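Written below as structure tokens is the structure these notes are about.
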Amino acid sequence: MPASDELIHLESITKVYGTGDGTVAALQDFSLSVASGESLAVMGPSGSGKSTLMNILGCLDTPTSGRYWFAGQDVSRLNETELAHVRNRRIGFVFQQFQLLPKLSAWRNVELPLLYRNVRDRRSLALQALEQVGLANRVDHRPSQLSGGQQQRVAIARALVTNPDLILADEPTGNLDTASSRDVLAVIRELNEQGRTIIIITHDPEVAPVAKRTVHVRDGRLVEQVAA
């Protein structure tokens with residue numbers, strides 16, 4: 001069972017794909033705890049199990065065995081509808097490819113998660129989130145009018161707008177140049193300093209130091225933990 005200050009508690013998680021001779025264990029007996037307000041980087045080479053771990057952490061998939069407690073709830077036993085509810089209300093996602101809708105302005109992109117929750121004052125909340133990431137002067141710009149770094153900051157604002165328990169960032173600087181990467185990582189660091197729980201999935205050793213703790217994954221297993 002998780003401790004009272006833990007947002008995330010994975011206990012002996014295994015994820016198996018395929019059947020018979022084609023069986024692949026993407027995660028094996030994987031245990032991990034993340035405290036509320038912590039920042040964590042998950043590092044590993046391609047094929048190490050990082051993506052599978054991200055999908056389970058983000059309630060996009062369920063483990064084959066083991067248990068996952070999120071904010072004290074055993075989400076490893078939920079059905080797809082229940083998982084979708086957790087994702088929409090409690091987890092904010094930031095993806096490498098930004099995933100912005102090209103015809104919508106920055107604030108319209110940011111408000112999208114609120115549409116599924118029938119929230120009032122969506123524009124006001126979207127503008128607040130954009131201000132948090134330093135884009136108060138770009139709220140009416142479409143993605144094509146923004147740099148890559150600005151687009152990723154819009155994506156971070158979209159993750160923030162629901163006030164989630166967790167921000168889960170998958171290779172957040174993977175499509176950015178050095179200067180833009182630095183700006184995005186500064187935003188992520190500041191959000192964590194404000195008390196946000198953030199997990200970054202990355203293969204980049206220059207990204208991991210933004211987090212206060214790094215775990216290394218190889219062949220589906222946690223092989224090392226390093227404090228900043």
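Listed here are the residues, each with its yes/no results for (1) over 22 Å from residue 9 (Cα atoms); (2) of a type in the set (Ser, Thr, Tyr); (3) surrounded by fewer than 19 Cβ atoms within 10 Å (Cβ to Cβ).
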{"residue": "140", "(1), (2), (3)": "yes, no, yes"}
{"residue": "143", "(1), (2), (3)": "yes, no, no"}
{"residue": "164", "(1), (2), (3)": "no, no, no"}
{"residue": "170", "(1), (2), (3)": "no, no, no"}
{"residue": "182", "(1), (2), (3)": "yes, no, yes"}
{"residue": "200", "(1), (2), (3)": "no, no, no"}
{"residue": "206", "(1), (2), (3)": "yes, no, yes"}
{"residue": "211", "(1), (2), (3)": "no, no, no"}
{"residue": "214", "(1), (2), (3)": "no, yes, no"}
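Those residues that are surrounded by 18 or more Cβ atoms within 10 Å (Cβ to Cβ) and of a type in the set (Lys, Arg), I need them from the range 88-107; list them, please. Show your work before the answer.
Step one: list which residues in the range 88-107 are surrounded by 18 or more Cβ atoms within 10 Å (Cβ to Cβ), which gives 90-94, 98, 100, 105-107.
Hit for the range 88-107 is 90, nothing else.
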Among residues of the range 186-196 being within 11 Å of residue 39 (Cβ to Cβ) and of a type in the set (A, V, I, L, M), the residue farthest from the chain's Cα centre (by Cα) is 191
Out of (1) touching a helix residue (DSSP H, G or I) at 6+ places or on another chain (Cβ under 9 Å); (2) outside any helix (DSSP H, G or I); (3) crowded, with 17+ Cβ neighbours inside 10 Å, what's the single condition that is false for residue 40? (1)
From the list 112, 104, 130, pick out the single residue that is touching a residue at least 40 places away in the same chain (Cβ under 8 Å) and either within 26 Å of residue 186 (Cβ to Cβ) or part of a helix (DSSP H, G or I) (or both). 112
Determine, yes or no, whether residue 72 is surrounded by fewer than 20 Cβ atoms within 10 Å (Cβ to Cβ) and closer than 24 Å to residue 218 by Cα. no
So which residues in the range 45-67 are of a type outside the set (Lys, Arg), at negative phi and either touching a residue at least 60 places away in the same chain (Cβ under 8 Å) or part of a helix (DSSP H, G or I) (or both), if there are any at all? 45, 46, 48, 51, 52, 53, 54, 55, 56, 57, 58
Just checking, how many residues over the range 89-101 are part of a loop (DSSP other than H, G, I, E, B) and among the small types (Gly, Ala, Ser)? 0
Across the range 68-88, what is the total count of residues that are more than 27 Å from residue 227 (Cα to Cα), out of contact with any Cys (no Cβ under 9 Å at 6 or more places or on another chain) and part of a loop (DSSP other than H, G, I, E, B)? 1
Any idea which of 158, 196 is of a type in the set (Lys, Arg), touching a helix residue (DSSP H, G or I) at 6+ places or on another chain (Cβ under 7 Å) and crowded, with 16+ Cβ neighbours inside 10 Å? 158
So residue 119 clears everything in (1) crowded, with 18+ Cβ neighbours inside 10 Å; (2) part of a loop (DSSP other than H, G, I, E, B) except one condition, right? Which one? (1)
Hey, can you tell me all the residues within the range 68-101 that are without any contact (Cβ under 8 Å) to a residue 60 or more places away in the chain, aliphatic (A, V, I, L, M) and closer than 25 Å to residue 41 by Cβ? 75, 83, 86, 100
When you check residue 225 against the structure, is it more than 30 Å from residue 63 (Cα to Cα) and surrounded by fewer than 18 Cβ atoms within 10 Å (Cβ to Cβ), yes or no? no
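Any read-out appearing in this document is the output of simple, stated calculations on the displayed coordinates, not a laboratory observation. Given the structure is predicted, the values throughout are model-derived calculations rather than measurements. Neighbour counts run over all protein chains shown; Cβ positions are idealised from the backbone, glycine included.
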